[in-house]
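Following: one structure in structure tokens, then a few remarks.
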Amino acid sequence: MTRAGKAYLPQKELSINMVVIVNCGMGNLRSVHKAVLSSGTKALISGNYKAINKADKIILPGVGHFAKAAKELKRRGIFSLIKEKIESKTPFLGICLGMQLLFKHSEEAPGIEGFGIIKGKVKKFSLSRLTIPHMGWNTISRNAKNRYSSLLKGIKDDSFFYFAHSYYCKPQEENTILTTTHYGTEFASSVHRDNIWAVQFHPEKSQKLGLKLLNNFLSL
């Protein structure tokens, strides 16, 4: 059932390999949900503690302000739960703001903390000759120290994905960086560590290759 941009399945339909797309009130939830369902995988959108606690895989999409997203996750009582699920090795995919929230600090919201799972920080683009936000199609290039992540199976270097962001992630540990992208400066466009994958671009808006990347995550 879909209502007001939220899609739910009754608790009795929760099953093994259930994917939960976290509803933090910010993000292209319907687009992500539709993309996941197109792979034949069961999924639901939920901000419910019980559903997220039962999730076998978690996707956290987000578009908007770092502070608002962090505060909304805490208001719903699921901020600490998501962090615990990640730390307990539940496969996790962050999208756009969902990637930035893996870091502890963002220049967008001084004094507001994210999950602090990936070391580093989130910085604002400071570009005099380029338009901010960075919006549109751009290429991704594999990091030589982290080339073989299953998330990118079947996706070639310099493939195009769709971006829409004013802030970018700067991981402290280079081997956490999965791909980089250039927009005035080189930045981490995706990261990977253990059970954690996150992308700055929007796979749900990136046509065939975006669906391929989502399917790679769902097939883990």
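The values are calculated or read from the model by the stated rules, or taken from the named source; none is laboratory data. Please read all numbers here as calculations on a predicted model, not as lab measurements. Neighbour counts run over all protein chains shown; Cβ positions are idealised from the backbone, glycine included.
The set of residues in region 65-89 that are in a loop (DSSP other than H, G, I, E, B) and within 18 Å of Ser190 (Cα to Cα) is empty.
Please find, within region 108-154, the residue that is surrounded by the fewest Cβ atoms within 10 Å (Cβ to Cβ) out of those that are under 22 Å from Thr176 (Cβ atoms) and among the aromatic types (Phe, Trp, Tyr). The selected residue is Tyr148.
Highlighted here are the strands (runs of 3 or more DSSP E) found entirely within region 146-220 that include at least 2 residues which are among the aliphatic types (A, V, I, L, M) and touching a Ser or Thr at 6+ places or on another chain (Cβ under 7 Å): 185-193, 196-199.
Which pairs have Cβ atoms under 6 Å, sit 6 or more apart or on different chains, and link a residue in region 112-125 that is farther than 15 Å from Met99 by Cβ and hydrophobic (A, V, I, L, M, F, W, C) to one that is surrounded by 18 or more Cβ atoms within 10 Å (Cβ to Cβ) and modelled with pLDDT of 95 or more? From region 112-125, the pairs are Ile112/Ala70. For Ser150, are the conditions met, namely being small (Gly, Ala, Ser) and more than 18 Å from the chain's Cα centre (by Cα)? Judged against the criteria, Ser150 is not a match.
The number of residues in region 72-121 being farther than 23 Å from Ala43 by Cα, touching a Ser or Thr at 6+ places or on another chain (Cβ under 9 Å) and hydrophobic (A, V, I, L, M, F, W, C) comes to 2. When Ile140, Ile132 are checked against the criterion of being farther than 23 Å from Thr41 by Cβ, in contact (Cβ under 8 Å) with a residue 24 or more places away in the chain, assigned to a loop (DSSP other than H, G, I, E, B) and hydrophobic (A, V, I, L, M, F, W, C), Ile132 stands alone in meeting it. Screening Ile52 against (1) hydrophobic (A, V, I, L, M, F, W, C); (2) in a loop (DSSP other than H, G, I, E, B); (3) at pLDDT 95 or above leaves a single unmet condition, (2). Determine whether region 199-208 contains at least one residue that is within 18 Å of the chain's Cα centre (by Cα), of a type in the set (Asp, Glu) and closer than 14 Å to Ile95 by Cα. Scanning region 199-208 turns up at least one residue that is within 18 Å of the chain's Cα centre (by Cα), of a type in the set (Asp, Glu) and closer than 14 Å to Ile95 by Cα.
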